[in-house]
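Below is one structure, written out as structure tokens; comments come after it.
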Amino acid sequence: MVKYKLNFLLAGEIFIHLLFWLALLWLNAQNQVFFIAIESDVLNLNENKITNYTGVFTFYWFYLLVIPKSINRSMIAFLALSLLSLVLITKLDNMLFVYTVSNSNSESYIQLDIMYWINFLSHCFFAFSALLIQRCFTQIKQSWHIKEQKTDQTKTELALLKQQIHPHFLFNVLNSLFSSSYQYGDDKTAEGIGQLSDLLRYMLYETSSDRVPLNNELNYLNDYIKLQMLRFSEDVELKFSNSAPFNDIEIAPMLLITLVENAFKHGVMPECKNIIKISLTCEKQNIFFTVSNIVKPSTCKEKPVGGVGLVNLKRRLMLLYDNKHELTTTIKNNIFTAELVLR
């Protein structure tokens, strides 16, 4: 993709150069270009040809050397080098003309003095044109480069965020399997290990894509909930409603799981009946996901519910769904509710 953009930019640069010189040739042919010498049968023809040749040299001298080598280092150095170059090139221009005109007289030298300033302005025009075109394409290259850097940075950051999710999730699941091995025996543990295998398969082979089918993400949530209910079936009343199947709807992977993890982490208290409600619906390609659970009053006062997982989720949403998402969290009557809308 980067190579394609650079080739496209190079083609555009060549096209602008050709267009610039063709426009000048056309104006010159119409005797409208401003650098034509003063009216004189002797001076006009020869000086016009010389100025055309030296003008090309001026343009590319500035375009390839003076501007890229000095303008970003020091503006004073750039202006000084530009002025020196224009003076020397104009001197060279007039010296070539004197060399080609053998019948110079006093009147011609007076005309040459006037012509020097006309030629100087002509070369200023070529230098300014080179500056305008060169800086325009330089800005385009820099903007593309910055965009590529931001894209690479975003991909790296998202990869790191996913890596933060995986160890945290595995730690919780292993705790669940450890508890179930004592409570239910080998059958339940084997069932949990099988579900864990499905979860790991999804995480390893499907979450590498930018988007996955929402139905796949729903299956992943169901497997995760089953694993958690192996441990909390007696302590948690789970209500999970959804309007599946979600045909032709895609989502960034591993977004919804964070809110469900938080519900089991912060919404399960010993020696009481805990209720976790989960809802997943879609309307016109918009995804609505809601999770609510009971929390201790002391937990609400000590620290925000969600911790690192919620901060991680907010960051991923900003990177993946900038201006296309809404995440709100509320606590009312000791019930924590997280509502996520993806557009």
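The values are calculated or read from the model by the stated rules, or taken from the named source; none is laboratory data. Computed from a predicted structure; not experimentally measured. Ideal geometry is used to build each Cβ from the backbone, glycine not excepted, and the neighbour counts take in all protein chains shown.
Among the charged types (D, E, K, R), surrounded by fewer than 16 Cβ atoms within 10 Å (Cβ to Cβ), assigned to a helix (DSSP H, G or I) and modelled with pLDDT of 85 or more: does that describe Lys314?
Spelling it out, Lys314 is indeed among the charged types (D, E, K, R), surrounded by fewer than 16 Cβ atoms within 10 Å (Cβ to Cβ), assigned to a helix (DSSP H, G or I) and modelled with pLDDT of 85 or more.
Could you tell me how many of the residues in the stretch 217-258 are part of a strand (DSSP E or B), acidic (Asp, Glu) and buried (at least 16 other Cβ atoms within 10 Å of the Cβ)?
Summing the residues that are part of a strand (DSSP E or B), acidic (Asp, Glu) and buried (at least 16 other Cβ atoms within 10 Å of the Cβ) in the stretch 217-258 gives 1.
For the stretch 193-216, which positions are among the aliphatic types (A, V, I, L, M), within 36 Å of the chain's Cα centre (by Cα) and assigned to a helix (DSSP H, G or I)?
Leu196, Leu199, Leu200, Met203, Leu204, Leu214
I'm told Cys272 meets every condition in (1) surrounded by fewer than 19 Cβ atoms within 10 Å (Cβ to Cβ); (2) under 18 Å from Lys332 (Cβ atoms); (3) modelled with pLDDT under 80; (4) not hydroxyl-bearing (Ser, Thr, Tyr) except one. Can you identify the failing condition by its number?
Condition (2) is where Cys272 drops out.
Looking at the stretch 71-91, which of its residues are hydroxyl-bearing (Ser, Thr, Tyr) and surrounded by 12 or more Cβ atoms within 10 Å (Cβ to Cβ)?
Ser82, Ser85, Thr90
Residues checked against (1) modelled with pLDDT of 65 or more; (2) within 30 Å of Leu196 (Cβ to Cβ); (3) aliphatic (A, V, I, L, M):
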site: Ser122; (1), (2), (3): yes, no, no
site: Ile133; (1), (2), (3): yes, no, yes
site: Ile140; (1), (2), (3): yes, no, yes
site: Trp144; (1), (2), (3): yes, no, no
site: Thr151; (1), (2), (3): yes, no, no
site: Lys155; (1), (2), (3): yes, yes, no
site: Lys162; (1), (2), (3): no, yes, no
site: Ile165; (1), (2), (3): no, yes, yes
site: Leu174; (1), (2), (3): no, yes, yes
